[in-house]
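To start, the structure under review is shown below, and the notes come after it.
Read-outs throughout are calculated quantities, based only on the coordinates presented, and are distinct from any laboratory measurement. Since this is a predicted model, take the numbers as computed values, not measurements. Ideal geometry is used to build each Cβ from the backbone, glycine not excepted, and the neighbour counts take in all protein chains shown.
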Amino acid sequence: MQEKAVKLPHNVILEDRRLLSISGVNDIDSFDENMVVLFTDMGELTVRGSNLHISKLNVDTGELTMDGEIAALFYNEEPKSGGGLFSRVFK
């Protein structure tokens with residue numbers, strides 16, 4: 001019996017370069033105050049800036065909200081295979 005992965009809608013909303021809301025987040029690979037790397041159905045997304053803080057994460061709905069001074073958002077061409085931080089923690 002194969003389990004199908006549910007594809008979450010993916011949206012990125014940036015307000016005043018200080019508040020970022022992302023939906024469709026599957027996992028977080030790494031995070032610190034200068035960079036957050038996360039996995040979405042659209043690929044690996046990297047957020048760079050300073051004083052970054054994840055204020056809300058709901059792994060059930062795939063919603064993430066963060067604040068700080070956001071300088072750049074970019075997708076890597078080839079997403080990493082394997083799990084991120086939360087898949088390693090919750091094995």
Study note, to complete from the structure: Lys and Arg at +1, Asp and Glu at -1: neighbours of Gly68 with Cβ under 14 Å from its Cβ sum to -2
Review point. Can you list the residues, at least 5 places off or on another chain, whose amide H is less than 5 Å from the amide H of Asn34, using H built in the peptide plane?
Key: Leu52
Point to revise | In nm, spacing of pseudo-spin labels at Thr65 and Asn34 (7 Å Cα→C-beta vector) | key: 2.8 nm
